[in-house]
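First up is the structure itself, then whatever we jot down about it.
Rule-based calculations on the coordinates, nothing more; no lab input. Nothing here was measured: the structure is a model prediction, and the numbers come from that model. FYI the Cβ positions are ideal-geometry reconstructions off the backbone, even for glycines, and counts take in every protein chain you see.
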Amino acid sequence: MKLEIKNITKNFGGMQALNNVELTIDKSEIIGLIGPNGAGKTTLTNVIDGVYKPSEGEVWLNDERIDHLPPYKIARRGLGRTFQVTRAFRRMTVMENMMVPAMAINPGAKRQNVINKAQGILEFLTFEHLANEYGRGLSGGQQKLLELARLLMLDPDFVILDEPFAGVHPTLQETIYGYIDKVRQEGKAIILISHDMDSIFTLSERLVVLDFGAIIADGNPQNVKQDPVVIKAYLGEDEEEDY
Amino acid sequence: MKRIPIQGVLLVLLLIFAFAFPRIMQGQPYWLYVALQSFFWAMMAASWALLAGYAGQFSFAHIAFMGIASYTSGILGRDLGWSPISGIILGTLMAGLVGVLVGYLCLRLRRTYLALFTIAFSEIVRLIINAEHEFTGGPMGLYMEPLLETTSYVPTYYIMLVALIVSLAIMYAIANSRLGLFLRSIREDEEAAAAMGVHVVRYKILAFVITSMIAGIAGALDHHIIGFIAPNELMIPRMSLVIAMAVIGGTESLISASLGAIFIHFAMEWLQKIPVPASWMPSLRENTATLQQFGLSLGEGYLQTNAWRMVLFGLMLMLTLRFWRNGLIQPLLEKIGRQGVAEETVAKRKFSQEENEIEGTEA
Amino acid sequence: MDYITGQFLVNLLMNGILIGLIYGLMALGLTLIFSVLGIVSFAHGEFYMIGGYVVYYLLQAFGNLEPMIAILIAGAVTFVIGVIFELLFLQPMGKGDIERPGEYAILLTFGLAFFLQHVMIGIVGPFPTKVDRFYDFAEIDWGWLRMKAATVWFFDMPISSSRLIATGVAVVLTALMIWFMSKTWTGRGLQAVSQDRQAASVVGINPSHMNTLAFGLGTMLAGMSGAALVTVFAWVPWVGMPASSKSFIIIVLGGMGSMPGALLGGLVLGIVESFGAGLYPDPSKALAYKDAFGLLVFALVLLVKPTGFFGRKL
């Protein structure tokens, strides 16, 4: 498994959101992606996911170029993501929400097998009592969990989690920690975008810092934390705002 | 699982009633004709419900597809001598083909823009049919070969009934298949659906094609039965009527939308001439002039409501949207089906609400 | 095609501009509604239709009523209907009582169009009515400018005087509207809400009052355009449908929510229609296709650049 982001630049009109971003992920690990607001984290996610086409540069997934592919194909090739603002299918039940990715990646899937798999995931996430609840009936934290559950059904090699802890109840946060652990155990790579520094430093095995659309640091979290460039650009100045 | 029997029994009773209707209505061909027309509207409303309610594509071009199929079949019959059957088949395919085109063009358009585009498309189709009179008969309309030689409405009633049942069965199967699941996910959130691996483009176009073909076959069949079509039948208010039927029935349920259509069509026919008690007649007769000023006319024992029945349905459409978003029939059917599960769901709702509140205070 | 002379083309252009100015006024109303409420009213043309009928009935009931007063009353009536509708059906949207508000607004205003149309069919019946021109012109002959009661010849190019009067009314009303929006506090309040609702409410503007006002003003402008044009066209209860389409075309051309765009879009549509109908190779079909030209341009603009000339995102 290998995700290569090669020299990605993304312009919106006159504004440069990403500037020559280089990133390679070739093993199962948890990568924290941080940066001040507007640094380009979500833009990068959208470029990897195929929502945006990069202005320059290429994205390669498992030795296949994917930056020209539509999002659904990228999803089927093993890259899954959640959204910063949760996007549960509101007028579909939790179970139906989870059936969508499983049915989409595998046209021949048997309904009962899919349901069984979904039930297993729901139990793991302590969520099974809500299987028949509609998306719109869930709390914000539960919607986050639902997105994570959907991702497990998609079963990608690379998982991008965009602010999984934002607005989440402390008990649910524990569940999400467990989730990340499980996904990591299954041998997937996780890109974790979060403003929650405690979680980032607890979980990340590698830390990437974006500032003004460029990567300013990439490496061991403890080392990155000491990096004067990072402290100046991010941790030092904006600390209070970001906690 | 108590729910299946109740709904199943109702469905069987409904079917028996529908098949026995010509016997019940023996000697009243007028109501038989009303019924078969109502099946046309039911096919229109249900297929629009699939497109709008399931796939989330609020298109206003549905009536245009009906017209395209009808005119294709009518013109083939007039100029090339095609039989109604082959005309209807080709007309339906034509509607599907144009459906591909419109679906493709609409891919990037959402909500208001989609509505505007489809209205424009529908009006362009109507204006072309109006203008190209050498070819389409223009505003004077086009005569279409009758589907059957007989003057009895009994066989045509059954044809429309079977067409309705078959198309509902097909649409029901689609709605409950993986395709239906994908369409609903696209309705809820296109981007999230794509991120989950759903081929949004393909399924959106497919939704247009399938529903256009059902509108097409409904229109072609019905106009071969009527024997005539005019461009006026493609006008926007007729589209509004389809929408009113689907919304009042319930756009998220095919059977509710079609029952809504059947109910409204019957109500419209009945309201055309409201029976008036004989004792009221004299005083009404004295005020004939006033009545006429308000667009009502008086017949022997009945009051003719003319445009006012439409006013009623316009008002009903607005009120349904405002106060009963799921329609009037759909919640009723759900209530019948849910009797056993009701309490459990309420409990769950309450649970998630409480949790919401906790988080709300934290944020 | 020898009838296509320079003068003929100039005549087409002039007719296009005259009608385009009225279209602009009508679209101004729709764009105002869109910019403040964020919705497109599919019943816009029905207010135009009602405006025309109000003038018709007023002039029938009071034969010597000053037509300009009748136009003002038509504006007041459509304003009130718009306000009532907004309060009853659109206010709950702003309060968050309505799920999927975008879809609701589309279907609801579509329903309103159907409702109003049939109310008028109920009242006036399906037969066309015609209102006589508001004023007769004095007879003048200055060579380049000749006038008779019903027609004006400008360099030998005939223009109907009712059309000229209607355009005059539209120009005055447009100017008043621009003044209102840019110079009065209320107008600026509307603009503020259209640009940033939250910021506006922070500085003490009540956005939901502005919604009501914008909807009322929007329907009023439609009503007054109808009132001005009632002498030009035969009036039927469904006269509002093409008027609606034209307003949609214009606000999409001009960019949803842009007021200068609406005025420019009106002119463009007027000219496109005029030339389209005047130059279509088969004159017998030209009139039938008149409405289709604008729609075709419209569909293309929607597909290529849905934000129009000066648009902003929907």
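Some values worked out for this structure:
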{"quantity": "Qualifying aspartates and glutamates (Cα of each under 14 Å from Cα of C:LYS148; at least 8 residues distant if same chain)", "calculated": "C:ASP136, C:GLU139, C:ASP156"}
{"quantity": "Alpha-carbon gyration tensor eigenvalues x 5, square-rooted, for chain A, Å", "calculated": "30, 21, 16"}
{"quantity": "Amide hydrogen neighbours beyond the local backbone of A:ARG81, cut-off 5 Å, H modeled", "calculated": "A:ILE160"}
{"quantity": "Cα Rg over Rh - the protein assembly as shown, Kirkwood", "calculated": "1.00"}
{"quantity": "Packing-based order for C:48-54, B:231-237, B:21-27, using average beta carbon neighbours within 10 Å, highest first", "calculated": "C:48-54, B:231-237, B:21-27"}
{"quantity": "Alpha-carbon Rg/Rh ratio, for the range B:140-258, with Rh computed the Kirkwood way", "calculated": "1.05"}
{"quantity": "Alpha carbon Rg of the range B:24-235, scaled by the compact-globule rule 2.2 N^0.38 Å", "calculated": "1.05"}
{"quantity": "B:TRP280-A:THR24 pseudo-label distance in nm [points 7 Å out on the Cα-to-Cβ vector]", "calculated": "8.6 nm"}
{"quantity": "Dipole in debye (nearest 20) - chain A, about Cα centre, beta carbon charges: Lys, Arg +1; Asp, Glu -1", "calculated": "1220 debye"}
{"quantity": "Two-site FRET efficiency, C:ALA175 against B:TYR104, from Cβ-Cβ distance with R₀ of 51 Å, rounded to 0.05", "calculated": "0.70"}
{"quantity": "Selection from C:PHE137, B:SER152, B:LEU51, by position along the positive dipole direction of the protein assembly as shown (Cβ)", "calculated": "B:SER152"}
{"quantity": "Per-selection metrics, the range A:100-147 (Cα): Rg and Dmax in Å", "calculated": "11.6, 33"}
{"quantity": "Hull volume in cubic angstrom per residue (convex hull over the Cα atoms of the range B:194-275)", "calculated": "136 Å³"}
{"quantity": "Gyration tensor (alpha-carbon) shape descriptor, the range B:84-206, a/c threshold 1.5", "calculated": "oblate"}
{"quantity": "Relative compactness, the range C:178-314, computed as alpha-carbon Rg over 2.2 N^0.38 Å", "calculated": "1.23"}
{"quantity": "Mean projected area in nm² (Cα convex hull; one quarter of hull surface) for the range C:1-116", "calculated": "10.9 nm²"}
{"quantity": "Within the range C:6-304: Cβ-based charge dipole about Cα centre, in debye rounded to nearest 20 (Lys, Arg +1; Asp, Glu -1)", "calculated": "200 debye"}
{"quantity": "Distance between the range C:60-110 and the range B:37-77 - C-alpha centres, whole angstrom", "calculated": "31 Å"}
{"quantity": "The range C:6-304 - Rg and Dmax from Cα coordinates, angstrom", "calculated": "19.4, 65"}
{"quantity": "FRET efficiency, B:SER297 to C:TYR135 (Cβ-Cβ, R0 41 Å, nearest 0.05)", "calculated": "0.60"}
{"quantity": "Relative contact order %, chain C, counting alpha carbon pairs below 8 Å whose residues are six or more apart", "calculated": "36 percent"}
{"quantity": "Assigned charges on the beta-carbon of Lys, Arg, Asp, Glu; chain B dipole about Cα centre (debye)", "calculated": "360 debye"}
{"quantity": "Overall form of the range B:21-82 per C-alpha gyration tensor (a/c, 1.5; a/b vs b/c)", "calculated": "oblate"}
{"quantity": "Computed E for C:HIS209/B:GLU149 - FRET, C-beta separation, R0 41 angstrom, nearest 0.05", "calculated": "0.05"}
{"quantity": "Farthest toward positive dipole pole in the protein assembly as shown [+1 Lys/Arg, -1 Asp/Glu at C-beta], among B:LEU168, C:LEU90, B:PRO29", "calculated": "B:PRO29"}
{"quantity": "For chain B: span of alpha carbons on each principal axis (Å, largest first)", "calculated": "69, 57, 41"}
{"quantity": "Positive dipole terminus of chain A, leading residue within A:GLN173, A:ILE48, A:GLY120 (C-beta point charges)", "calculated": "A:GLY120"}
{"quantity": "Computed [θ] at 222 nm, helices only, for the protein assembly as shown once each DSSP H run of length n ≥ 4 contributes -39500 (n - 2.57)", "calculated": "-20500 deg cm²/dmol"}
{"quantity": "Average silhouette area of the range A:57-194, convex hull of alpha-carbon atoms, in square nanometres", "calculated": "8.6 nm²"}
{"quantity": "Contour excess over end-to-end distance, with Cα ends at B:ILE85 and B:GLN7 and 0.36 nm allotted per residue", "calculated": "24.6 nm"}
{"quantity": "Relative contact order of chain B, pairs being alpha-carbon contacts under 8 Å that are 6 or more residues apart, as %", "calculated": "27 percent"}
{"quantity": "Space enclosed by the convex hull of the alpha-carbon atoms of the range A:119-243, per residue, Å³", "calculated": "123 Å³"}
{"quantity": "Rounded, prolate or oblate (a/c below 1.5 giving rounded, otherwise prolate when a/b exceeds b/c) for the range B:1-116 by Cα gyration tensor", "calculated": "oblate"}
{"quantity": "Net charge over other residues, Cβ less than 12 angstrom from the Cβ of A:GLN16 (K, R count +1; D, E count -1)", "calculated": "0"}
